[in-house]
Amino acid sequence: MAILTKNKRRHRIHLRIRKTIVGTSVRPRLSVFRSNKEIYAQVIDDINGKTIVSASSREKEISSFKKENKVFIAKEVGKLLGKRILDKKIKKIHFDRGGYLYHGRVKSLADGARELGVEF
């Protein structure tokens, strides 16, 4: 029952955050989803309803790091996503942590994107 309550809490927080964060084509929203094994991130233009770029720990570029810990893999996903964001000529984004605490893998993903020059 505790896991169900934890997921409901996260979803409730996520809905509350989504009321204030809206991604545009000028400043899109970076959305994070974290499962037990993987981490997924996508940059979304909410006005047009389009995903601009995405990255996850399931991609071939990241699969070579499977022996590493999940925080390291999340940072590599952030770097990959940051590179793709800059290729699309986007400098600033809104960070949507998806109701997760800004700690561990979520923070590591954000730091990886920041290292390449993406501004939050």
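Listed values, structure above:
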quantity	calculated
Net length gained if the chain between SER63 and ARG114 were fully extended (0.36 nm per residue, minus Cα distance)	16.2 nm
Estimated distance in nm for a label pair at TYR102 and ARG18, the labels positioned 7 Å out from Cα along Cα-to-Cβ	2.1
Cα shape, the chain, gyration tensor, a/c 1.5 rule	oblate
Highest-MSF residue in the chain out of ASN48, ASN36, ASN69 [GNM, Cα springs under 10 Å]	ASN36
Sorted by Cβ neighbour density within 10 Å, fewest at the top, the residues ARG9, ARG34	ARG9, ARG34
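Just so you know, all these numbers are worked out from the coordinates, no wet-lab data involved. Note that the structure is a prediction, hence the values are computed from the model and not measured. Note that each Cβ is placed from the backbone with ideal geometry, even for glycine, and that neighbours are counted across all protein chains shown.
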